[in-house]
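The values are calculated or read from the model by the stated rules, or taken from the named source; none is laboratory data. Everything quoted here is computed from the prediction, not taken from an experiment. Cβ atoms come from the backbone with ideal geometry, glycine included; neighbour counts cover every protein chain shown.
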Amino acid sequence: MVVVCDIITSVPSGYPVMMQRLGCPLHDYDEVEKDMVATGFHVVFRQDMEIRHDLSEPSDDIVKFIQMITGRSESEVRDVIDDVFSQPSMHVSLRKLAIFTKTI
């Protein structure tokens, strides 16, 4: 059994938009499911989830973490966060939780 929780990037939301603008696009859940099925797994459970990522006032630790995973400067990270999370509804993202089992 494999459990996957991944973001749905086809619905615009702050975290995926921010990561795309910082040069680190995220994989969409549909791509992951397609790859899992291609390797012999099948979905036994799937659930959509709504997640809040309100980075409108990020802590220094959050900015440092995003810098670490993107390789961007503090000012670049803060500028993108300010721009993206100042837009309406960007603090909500959709994720999909799925459980896969191996097809025998």
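Here are a few things to note about the model shown:
- Residue pairs whose Cβ atoms lie under 9 Å apart, sitting 6 or more positions apart in sequence or on different chains, and linking a residue in the stretch 1-27 that is free of Cβ contacts under 8 Å to residues at least 12 places away in the same chain to a partner that is aliphatic (A, V, I, L, M) and surrounded by fewer than 20 Cβ atoms within 10 Å (Cβ to Cβ), are Q20/L26.
- Residue count for the stretch 9-36, restricted to those that are of a type in the set (S, T, Y) and at pLDDT 90 or above: 0
- Scanning the stretch 74-90 for residues that are loosely packed, with under 11 Cβ neighbours inside 10 Å and either modelled with pLDDT of 90 or more or in contact with a Ser or Thr (Cβ under 8 Å, 6 or more places away or on another chain) (or both) returns S75, S86, S89.
- The residue that is farthest from A98 (Cα to Cα), among those in the stretch 13-69 that are hydroxyl-bearing (S, T, Y) and either more than 15 Å from the chain's Cα centre (by Cα) or exposed (fewer than 11 other Cβ atoms within 10 Å of the Cβ) (or both), is S59.
- Options M49, M36: the member that is touching a residue at least 60 places away in the same chain (Cβ under 8 Å), among the aliphatic types (A, V, I, L, M) and more than 15 Å from V84 (Cα to Cα): M36
- Residue satisfying condition, being in contact with a helix residue (DSSP H, G or I) (Cβ under 6 Å, 6 or more places away or on another chain) and among the acidic types (D, E), within set D83, D35, D48, D6: D6
- Taking every residue in the stretch 52-71 that is in contact (Cβ under 8 Å) with a residue 40 or more places away in the chain and under 18 Å from M90 (Cβ atoms) and pairing it with any residue that is part of a helix (DSSP H, G or I) and among the β-branched types (V, I, T), at least 6 positions away or on another chain, the pairs with Cβ-Cβ distances below 6 Å are L55/I81; I66/V77.
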